[in-house]
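What follows is one structure encoded as structure tokens, with my remarks underneath.
The values are calculated or read from the model by the stated rules, or taken from the named source; none is laboratory data. Quick caveat: nothing in here was measured; it's all calculated off a predicted structure. When we count neighbours, we look across all protein chains shown, and the Cβ atoms used for this are built from the backbone with ideal geometry, even at glycine.
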Amino acid sequence: MHLAKLDERFQAGACHYNLAANDHRSGFLEYGFVHLQQVTVEPFPAFTYSFGDITLVKTIFMVHGKNTTVIYYQVQNGAEPALLTLVPLVNCRGHHFITTRGEINFTQQANDNGVSIKGREEMPPLLLYSNSGIYIPGDSWYDGMAYAAERERGENPYEDHYIPGRFEISFAPGESKTFTVVASTEEVANLTGEELLAAERRRLQELTQRAGFEDPLARRLVRAADAFIVERRSTGKKTVIAGYPWFADWGRDAMIALPGLTLVTKRFEDAREILLTFAEHRRKGLLPNAFFDGARDPVYNAVDASLWFVHAVYKYLTYTNDLEFVREQLYPVVRDIIHWYMEGTDFNVGMDQDGLISAGSPDIQLTWMDAKVDQWVVTPRHGKAVEINALWYNAVCILNMLSAMVEGNPAYPELPGRIKDRFV
């Protein structure tokens, strides 16, 4: 987390309007929300403030595929000369942590359009740009910002943010002005908010048109789904974020979500990349359970991720009829998964004599009920879990269908009936 927020303060003639709203260790000290008239979130968050004879609209969105956030302002000034001050609250931390004053030695370098702010040595600098007004360097801290959710969870709820300086934008009486502030970890060539916003609107419109839905709710879901499809830099391919704010990509979640995110929406190239990302990282028939932040290698303690992968392959073929890709890229993976599950693999995952899959031990969590505290498995489900064997039956049936299509004969024609009888 590099930029916590921008606080806006507006001076028009002798009147001062503080639009900031911050919870503090001493309670709420700023009440800018009293000027907030409307909030809309579709397709991007937009906040409309009205105070005196002035209107300010702030729209926030990201540039697709980049670590770049755009804050686009539309201001209609009133009858007095005015000055808008934007105060950035800056940090440099992982999202599981908090910062206290002096913990990070921030440095800054002003440039033509803004400032470069360096926090931790191993992190890239935060670049703040504005295409209007001036940047005035400073050096102070906002102490004691309070987080209600952290307080409820029993965590330390207070954090300090660095204030490197401020942006000042002036307005003539009656002037209407649009301008942009960009926060990024990479150089940004275009600072025109209207163009950046239009480009992102076009991209989302193309997604909804490709999906082909007319229903307004379905179209909103197509746009919402887009936020969960991201690129994993280590592979250069698409993957699925399991949930914001702090989940990375999990094999189980990605495979369950893949049909809705990519097939229903006709994002077939993304579906192929996601399937390949996880297929390439399989180990002894097991797909990664998760790619954890900061870890060099994924973890594999999931008995169902590989079986959900087989289901996702079937769904891909159903939606696309792309047998060539399945035959060349995915069919060998499906065969490999079934082979390892039959012969036995890590975490005691393997087929018993009755054809059912047994997995795990009292100290290993392998199913979706995977909460573990230290060495305590909260919901032990080792053995022959019911949904795992339903997925196993499904996977063997899919393999038989694919092998008949690819090789002319089902791979294990007797096994589904055996699994079915023993399951009952």
Report summary line: Residue hits (region 299-321; in contact (Cβ under 8 Å) with a residue 40 or more places away in the chain, in a loop (DSSP other than H, G, I, E, B) and not aromatic (Phe, Trp, Tyr)) are Asn301, Ala302, Val303, Asp304
Query raised in the report: Considering Arg232, Arg223, which residue is under 16 Å from the mean Cα position of the chain (by Cα), surrounded by 15 or more Cβ atoms within 10 Å (Cβ to Cβ), outside the structural domain of Met369 (by TED's automatic domain parsing) and touching a residue at least 12 places away in the same chain (Cβ under 8 Å)?
Result: Arg223
Requested in this report: Starting from residues that are among the hydrophobic types (A, V, I, L, M, F, W, C) and in a loop (DSSP other than H, G, I, E, B), keep the ones in region 82-141 and report whichever is surrounded by the fewest Cβ atoms within 10 Å (Cβ to Cβ).
Outcome: Phe97
Report summary line: Picked from region 386-424 (must be in contact (Cβ under 8 Å) with a residue 60 or more places away in the chain and more than 27 Å from Gly360 (Cβ to Cβ)), the residue surrounded by the most Cβ atoms within 10 Å (Cβ to Cβ) is Leu402
Query raised in the report: Quick check, is Ala254 closer than 16 Å to Leu276 by Cβ and out of contact with any Lys or Arg (no Cβ under 7 Å at 6 or more places or on another chain)?
Result: yes
Query raised in the report: In this structure, does Arg201 turn out to be farther than 17 Å from Val41 by Cα, of a type in the set (Lys, Arg) and not assigned by TED's automatic domain parsing to the domain that holds Val70?
Result: no
Report task. From Tyr142, Tyr147, Tyr158, Tyr135, grab the single residue that is in the same structural domain as Ala110 (by TED's automatic domain parsing) and closer than 30 Å to Trp368 by Cβ. Result -> Tyr147
Requested in this report: Kindly indicate whether Ile117 is out of contact with any Leu (no Cβ under 7 Å at 6 or more places or on another chain) and either in the same structural domain as Tyr158 (by TED's automatic domain parsing) or closer than 23 Å to Phe10 by Cα (or both).
Outcome: no
Query raised in the report: What is the one condition in (1) touching a His at 6+ places or on another chain (Cβ under 9 Å); (2) of a type outside the set (Val, Ile, Thr); (3) within 30 Å of His64 (Cβ to Cβ); (4) assigned by TED's automatic domain parsing to the domain that holds Ala21 that Asp112 does not satisfy?
Result: (1)
